[in-house]
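For reference, the structure discussed in these notes is given below.
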Amino acid sequence: MALAEKTDKRVQLLIAAEQLFAEKGFDGTSVRDIAQLAEVNLAMISYYFGSKERLLKALIEYNFNLNIELLEDLSKNESISPMDKILQLADFYVDKFILKRRFHTIVSQEYNTGRSSEIKELITNFKMRNFERVKGILAEGQRKKVFRKVDPEMTMATLIGTINQVINSRNMYCILLRIDSDNEEDYRRKVTERLKIHFRQLLRSHLAAE
């Protein structure tokens, strides 16, 4: 079996699992369901992951590792000002949560149900690693005296909490923003635009040194 084919089948299974775990929950999804949606032989789940639990772990690692790589590249980029970094970071989180809504549904389900302490610890560790990158950007801005002193934990909570509120109350915000709730493309475009504009205004006001 060629490497490209092996990689494709593995990714197919991850994509199928993400859709089904978000729609039906972990317990409501069978490995047969995943294999059928991915159009992959059932035995491939055992071959690549070993079990449904290991597949969930791989799905979480796959998505969070992509995030960490992007945040590390951004935080290390010396050609970008701290303010531009934090604004790009806000854009990144908006895109990540809106476009990967299914994945973040899974993260919320797993983190809040307490079904698996191993998965909860895995998610916590990834979130902490992401937060350390954000704290680093805030600290850089303070060292360069372009950011005033702020509470980094509450700044991050404001960013993530606002996005979660809009996503988790989708029907209400479709009404408020005059979005056709059946038009997913229109929803993504309008919500993404409004959130990005809001965070640019909010973060400039919140962070800019007086």
Exercise. Points 7 angstrom from Cα along the Cβ direction at Asn183 and Leu99: gap in nanometres?
Worked result: 2.2 nm
Seminar exercise, completed: hull vol. (C-alpha, convex hull) per residue for the chain, Å³ -> 141 Å³
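Which whole-number percentage describes the relative contact order of the range 1-112, with Cα contacts under 8 Å and a sequence gap of 6 or more? Intermediate results must be reported in sequence, preceding the final value.
Working: 63 pairs, mean separation 33.2, N = 112.
For the range 1-112, the relative contact order is 30 percent.
Tell me the net charge near Asn112. Cut-off is 15 Å between Cβ atoms, Asn112 excluded, with +1 for each Lys or Arg and -1 for each Asp or Glu.
Values: positive: Arg115, Lys120, Lys127; negative: Asp27, Glu110, Glu121.
The answer is 0.
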Exercise. Once amide H atoms are built 1.01 Å from N in the peptide plane, which residues 5 or more positions from Phe147, or in another chain, come under 5 Å H to H?
Worked result: Gln142, Ala209
Seminar exercise, completed: Mean Cβ-within-10 Å packing, highest first, puts peptides 139-147, 11-19 in the order 11-19, 139-147
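Beyond a 22 Å Cα-Cα separation, which of these cross-linked pairs lie in this structure: Lys9/Lys127; Lys9/Lys100; Lys96/Lys196? Write out the running numbers ahead of the final one.
On the way: Lys9/Lys127 28 Å; Lys9/Lys100 20 Å; Lys96/Lys196 12 Å.
Pairs exceeding 22 Å: Lys9/Lys127.
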Seminar exercise, completed: For the range 117-128, Karplus-derived ³J(HN,Hα) couplings (6.51, -1.76, 1.60; θ = phi - 60°; whole Hz; x for glycine and proline) come out as 5, 5, 5, 4, 5, 4, 4, 4, 4, 5, 4, 5
Seminar exercise, completed: Summing -39500 (n - 2.57) over every DSSP H run of at least 4 residues in the chain and dividing by its residue count gives a helix-only mean residue ellipticity at 222 nm, to the nearest 500 deg cm²/dmol, of -26500 deg cm²/dmol
Seminar exercise, completed: Over the Cα atoms of the range 1-50 the radius of gyration and the largest Cα-Cα distance (Dmax), both in Å, equal 10.6, 33
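List the relative contact order of the chain as a percent without decimals, with contacts defined as Cα pairs under 8 Å and 6+ residues apart.
Dividing the mean separation by the residue count of the chain yields 21 percent.
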Exercise. Relative to the Cα centre, what is the charge dipole magnitude of the range 56-207, using +1 at the beta carbon of each Lys and Arg, -1 at the beta carbon of each Asp and Glu, and rounding to the nearest 20 debye?
Worked result: 480 debye
Exercise. Helix 184-207 versus the longest principal axis of the chain: what is the Cα-based angle in degrees, 0 to 90, to the nearest 10?
Worked result: 40 degrees
Problem set entry | Contact order normalised by residue count of the range 1-50, Cα under 8 Å, 6+ apart, percent | 35 percent
Problem set entry | Translational D in µm²/s for the range 48-155 (Stokes-Einstein at 4 °C, 1.567 mPa s, Kirkwood Rh from C-alpha pairs) | 85 µm²/s
For this session: In whole Å, largest first, what are the principal axis extents of the Cα atoms in the range 161-210?
Result: 44, 17, 14
Problem set entry | Backbone N under 19 Å from the Glu23 label point (7 Å along Cα→Cβ), restricted to the range 109-131 | 109-110
Exercise. For the range 10-21, what does the Karplus curve 6.51 cos²θ - 1.76 cosθ + 1.60, with θ = phi - 60°, yield as ³J(HN,Hα) per residue in whole Hz, taken in order and with x for Gly and Pro?
Worked result: 5, 5, 4, 5, 5, 5, 5, 4, 4, 5, 6, 4
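Taken together, the values in this text are just the output of simple stated rules run on the coordinates, not laboratory data. All values derive from a computational prediction rather than experimental measurement. So basically every Cβ, Gly included, is an ideal-geometry build from the backbone, and we count neighbours across all protein chains shown.
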